[in-house]
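One structure is given here, and the rest of the page talks about it.
The values are calculated or read from the model by the stated rules, or taken from the named source; none is laboratory data. Since this is a predicted model, take the numbers as computed values, not measurements. Cβ sites come from the backbone with ideal geometry, for glycine too, and all protein chains shown count toward neighbours.
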Amino acid sequence: MHTATPQVTQPPWWRDAVCYQIYVRSFADANGDGIGDLEGIRSRLPYLARLGVDAVWLTPFYTSPQHDHGYDVADFRNVDVRFGNLDDFDALLTEAHVLGIRVIVDIVPNHTSSEHPWFQEAVAAKPGSRARERYIFLDGSGRGGRKPPNNWLSHFGGPAWTQLEDGQWYLHLFDRSQPDVNWRNKEVRDEYESVLRFWLDRGVDGFRIDVAHSLYKEQGLPDARRRGGLVAPYHDQPEVHSVYRRWHQILEEYDGDRMAIAEAWVADEEAMARYIRPDELQQTFNFHWLLAPWSAASFRKVITDTLRAVGAVEASPTWVLSNHDVVREVTRYGDGEAGVARSRAATLTMLALPGSSYIYQGAELGLPQAEVPEEHRQDPAWLRGGGVGRDGCRVPIPWAGTKPPYGFGADGTTPWLPQPSSWRNLTVEAQDNDASSTLNFFRRALAARRTLVGQLDRQVRLPRTPPGVLVIEREPGLTCVLNCGKRAVSLSRLTAAGESASRGLGDLLISSGDDSAVTAGTVPPDTAAWFRRTAGHHGS
Ligand code: NOJ
């Protein structure tokens, strides 16, 4: 007799994946030019496999004049010579897959480089031409059109418009070398679909979508009402969602749960969740986690608001503490020992939550924001007067040795940004054999998480706790305790408050700091710990 086998649907690979962000210029330099490259990444894949990540996201490595370090793309279908070539990319992708690591690449749909053939053609063409229709060209305002068409400002400082010799102005929300394309133009929409397919056909597992919330500008390009704020006519316009519905369909045409994650800096969790409705993208960065100050109450609020918002659209959350655009978390949380301890604790806390976590290269080494001397800074945001810039979180990774380039490249290479001398204690080599190092903490945390993924319910309980403390409970039997307070908290106080009252917290699985203090019954300040209650555990 034929019995039907019940269909077991595997969750998509990305749902609870830990994804490691590689800022390509700064990860590993194989060819000695002081700039990281694809071959450098390939040579370090075993390191990433041992770290225990499920996926990597590579920042743009496409042909580019590098005015915004790759986010100014001149050819979306090729590799910049500084980073290698398409064969190097294929080799990297194949080897990553052999090691069980998925690969996400960046797509930059808001703008091209001013060296992109389309923009070159547009500059050479006349006002009103088809070539100019692919971008956002307008006549100026004021007498003789000498003023920009509206009051929009570049995110990097200064006006968002640059005037050409023939008098027309073009829009660039970022550097003048990054003209915004016109998403109301079909050629633009078709081109990006074709670029998606180019990389999907090569076998990538997904995309990180740059400036995903800004592709559409409000019709008529009205003045911004609150400058620099989130309420701007180029933020989060409703039409942008039509793009992601279409991209959803394209991803669906391919096997293997291909995915895309939006970089959408939007006002709140509700706006964020609109990008991950069932027929849109799979993920969107949850920047509210990264923006939360070091406080149990703030973390708690982000968790509650995030889970409510993504639950309403039946999506899964993401968590992220840093990336190549923000100050590293060690420094945000106060630098020094406290900064490192808090970063480790915040990491362990996010890893206890359902959904996917994104880790920025160097976080696993506890790197602080580096002081980059002004004469070495290269960020266009700094060069355009838009603040100190982001170079401090982009300094090349220290791998080994006691002086720069710390194994980032061969001895004698000069990294594109200078590495601080204090980093000699933070190299992978220095941390490798030290059980208490941040690197080994990350390895243990990712390994512990692997043993839990798939076993835990997606529901999260946040019981009442003493001030300064956050407790996360997931069934069956995982409790994460985070102490943001100034004094140690005793575990007996927590069990009295939480669901686990009658059953105890269970065994210590891992802590972000001093295990012996936790086994003695307290969670010290700036520390998180995971406890596991197994069946039959009846508390202490
Ligand atoms: C966001 C990227 O993360 C950032 O590095 C870049 O400067 C802007 N988008 C412009 O592409």
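Here are some notes:
- Count - residues of segment 175-216 that are more than 21 Å from the chain's Cα centre (by Cα) and aromatic (Phe, Trp, Tyr): 4
- Looking only at segment 300-319, and only at residues there that are in contact with a Ser or Thr (Cβ under 8 Å, 6 or more places away or on another chain) and crowded, with 22+ Cβ neighbours inside 10 Å, the one that is farthest from ARG274 (Cα to Cα): TRP319
- Of note, ASP210 does not satisfy the criterion of being charged (D, E, K, R) and either surrounded by fewer than 18 Cβ atoms within 10 Å (Cβ to Cβ) or in contact with a helix residue (DSSP H, G or I) (Cβ under 6 Å, 6 or more places away or on another chain) (or both).
- Boolean, ALA410 is surrounded by fewer than 17 Cβ atoms within 10 Å (Cβ to Cβ), part of a helix (DSSP H, G or I) and touching a residue at least 24 places away in the same chain (Cβ under 8 Å): no
- Residues (over 31 Å from the mean Cα position of the chain (by Cα) and touching a residue at least 60 places away in the same chain (Cβ under 8 Å)) located in segment 126-140: LEU138
- Considering (1) within 16 Å of the ligand (Cβ to nearest atom); (2) more than 11 Å from the chain's Cα centre (by Cα), the lone condition that THR284 does not fulfil carries the number (2).
- When GLU374 is tested against (1) free of Cβ contacts under 8 Å to residues at least 12 places away in the same chain; (2) in contact with a Cys (Cβ under 6 Å, 6 or more places away or on another chain), just one condition goes unmet, and that condition is (2).
- So TYR234, is it touching a residue at least 24 places away in the same chain (Cβ under 8 Å), within 15 Å of the ligand (Cβ to nearest atom) and surrounded by 21 or more Cβ atoms within 10 Å (Cβ to Cβ): yes
- Among residues of segment 17-64 being among the acidic types (Asp, Glu) and buried (at least 24 other Cβ atoms within 10 Å of the Cβ), the one that is farthest from GLY84 (Cα to Cα) is ASP29.
- Hits in segment 420-458 - residues which are without any contact (Cβ under 8 Å) to a residue 24 or more places away in the chain and of a type in the set (Val, Ile, Thr): THR451
- Test: LEU367 is in contact with a Leu (Cβ under 7 Å, 6 or more places away or on another chain) and assigned by TED's automatic domain parsing to the domain that holds HIS69: yes
- Within segment 152-202, the residues that satisfy the criterion of being away from the ligand (no atom under 16 Å from the Cβ), surrounded by fewer than 16 Cβ atoms within 10 Å (Cβ to Cβ) and either among the basic types (Lys, Arg) or on the phi > 0 side of the Ramachandran plot (or both) are GLY167, ARG184, LYS186, ARG197, ARG202.
- Residue within segment 423-438 that is over 19 Å from ILE35 (Cβ atoms) and basic (Lys, Arg) present: yes
- Matching residues, segment 112-125, being outside any helix (DSSP H, G or I), more than 13 Å from ILE136 (Cβ to Cβ) and touching a residue at least 40 places away in the same chain (Cβ under 8 Å): SER113, SER114, GLU115, HIS116
- Here GLY392, GLY385 are screened, and the one residue that is within 16 Å of the ligand (Cβ to nearest atom), assigned by TED's automatic domain parsing to the domain that holds GLN283, closer than 30 Å to GLY158 by Cα and not in a helix (DSSP H, G or I) is GLY385.
- Counting the residues of segment 432-457 that are out of contact with any helix residue (DSSP H, G or I) (no Cβ under 9 Å at 6 or more places or on another chain), of a type in the set (D, E, K, R) and surrounded by 16 or more Cβ atoms within 10 Å (Cβ to Cβ) gives 1.
- Residues satisfying the stated conditions in segment 322-357, i.e. touching a Phe, Trp or Tyr at 6+ places or on another chain (Cβ under 7 Å) and within 16 Å of the ligand (Cβ to nearest atom): SER322, ASN323, HIS324
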